[in-house]
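These notes are about the structure you will find just below.
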Amino acid sequence: MLRRFLVTTALAGAFVLAAAPAAHVGAETTTAETGTPVVFDFVGEGVQQTYVVPDGVTQLQVELLGASGGAGGTCTGAATCGAGGAGGKGAHVTATITVTPGQTLTIRVGGKGADGDNAVDKAGPTGGDGGSAAFVAGDGVLVIAGAGGAGGAGGTEEGTPTVAGGAGGDSAGAGSAGAASTCAAGGGGGGTDNAGGTAGTGGPSGGGVNGDPGKDGAIGQGGDGGAGGFDFNIAGANGGGGGGGFYGGGGGGGGAADFSFCSGAAGGGGGGSSLVGSGTVTEGAVTGDGRATITPVFAAVEIQPNFTG
């Protein structure tokens, strides 16, 4: 940079060179930059992992995937049952959260719900397990991605040998009832922003044994699927479990059983809801296990100029 000099006259008649003040140059501000993303995969149900916020970071970009629910079972052998319902899909959540350098965050990544068990003849196949949510917590839970509900088990009915189990609901969505028939059960409701999903109704039976309703979802937990009714050696299909989330989905109802008439198809569980402040939620976007990805955002820095001379 060029610097101008002024020439002044001293009392003794000599000439003195005096430096003029430098021209003012404002401070320069760098742009915020993102660091290397850190990925957390599912390593076991209920296992907590940790992330320490780097120095100079006050914001994190978070991407969470909620797991999908398991499929319902069916029956094998002489009897022919309908297929179990498919599991619902989990949520894809993106968010920006405010943090403190050095802060330790807890991350939990949920796994896909287990598929239901098959049963021999009409012995009551089981519904699948609901998927588990993914979350990031600091001083309290910061972000949650809801999981999908599980499918209900398939059944059989006189005149309609194959009646399919109800599908599990996608994240925050309701599960489906067992395929339309006399003994089929209802699906569980999806979790919401402020309440767990409602339980699916048990299947009705004219002269046999009704199926049990599922359980309501609760904060942080999906409801269990209802058990099928049991009449002599005939059992109704069991309901699918609700998906986990901020509020869990309701469990699907169990199918009714009638010795002379039916092994009712079960309802699917509802999906769990998500929690996000500054960000987006895409429902029903994830199949399989969950995942968490955290990317640090290094704040913009103001650089003051340093002049000498």
Residues to consider are V57, V53, V62, V120; find the one that is under 16 Å from the mean Cα position of the chain (by Cα) and farther than 12 Å from A153 by Cα. V62
Tell me, yes or no, whether the range 106-114 has at least one residue that is part of a loop (DSSP other than H, G, I, E, B), of a type in the set (K, R) and under 16 Å from the mean Cα position of the chain (by Cα). yes
Does any residue of the range 48-62 turn out to be of a type in the set (A, V, I, L, M, F, W, C) and in contact with a His (Cβ under 7 Å, 6 or more places away or on another chain)? no
For the range 224-243, pairs from a residue that is surrounded by 24 or more Cβ atoms within 10 Å (Cβ to Cβ) to a residue that is of a type in the set (V, I, T), with Cβ under 7 Å and 6 or more apart or across chains, are G229/V209; N238/T126
Which count do you get for residues in the range 222-250 that are in contact with a strand residue (DSSP E or B) (Cβ under 6 Å, 6 or more places away or on another chain) and over 18 Å from G197 (Cα atoms)? 8
The condition of being within 16 Å of the chain's Cα centre (by Cα), outside any loop (DSSP other than H, G, I, E, B) and of a type in the set (A, V, I, L, M) holds, among A91, A67, only for A91
Just need a number here: residues in the range 201-233 that are part of a loop (DSSP other than H, G, I, E, B) and more than 27 Å from R108 (Cβ to Cβ). 18
Condition met for E45 (acidic (D, E), within 27 Å of the chain's Cα centre (by Cα) and modelled with pLDDT under 95): yes
Among the candidates I294, I219, which residue alone is among the aliphatic types (A, V, I, L, M), at pLDDT 95 or above, surrounded by fewer than 17 Cβ atoms within 10 Å (Cβ to Cβ) and within 30 Å of L64 (Cβ to Cβ)? I219
Verdict on G165 being touching a strand residue (DSSP E or B) at 6+ places or on another chain (Cβ under 9 Å) and under 10 Å from G268 (Cβ atoms): yes
Counting just the residues of the range 251-264 that are more than 15 Å from G178 (Cα to Cα) and in a loop (DSSP other than H, G, I, E, B), which one comes out modelled with the highest pLDDT? F259
Could you tell me which of the residues A95, A83, A119, A91 is crowded, with 21+ Cβ neighbours inside 10 Å, of a type outside the set (F, W, Y) and under 26 Å from S181 (Cα atoms)? A119
Taking G245 as the residue in question, decide whether it is farther than 20 Å from G73 by Cα, out of contact with any helix residue (DSSP H, G or I) (no Cβ under 6 Å at 6 or more places or on another chain) and outside any strand (DSSP E or B). yes
Test for G248: is it crowded, with 24+ Cβ neighbours inside 10 Å, more than 15 Å from the chain's Cα centre (by Cα) and more than 14 Å from G165 (Cα to Cα): no
Boolean, A172 is assigned to a loop (DSSP other than H, G, I, E, B) and at positive phi: yes
In this structure, is G148 touching an Asp or Glu at 6+ places or on another chain (Cβ under 7 Å) and assigned to a loop (DSSP other than H, G, I, E, B)? yes
For G207, are the conditions met, namely being surrounded by fewer than 24 Cβ atoms within 10 Å (Cβ to Cβ), touching a residue at least 12 places away in the same chain (Cβ under 8 Å) and over 19 Å from the mean Cα position of the chain (by Cα)? yes
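The values are calculated or read from the model by the stated rules, or taken from the named source; none is laboratory data. In this text, all values refer to a predicted model and were calculated from it rather than measured experimentally. With ideal geometry, Cβ positions are generated from the backbone for all residues, glycine too; neighbour counts draw on all protein chains shown.
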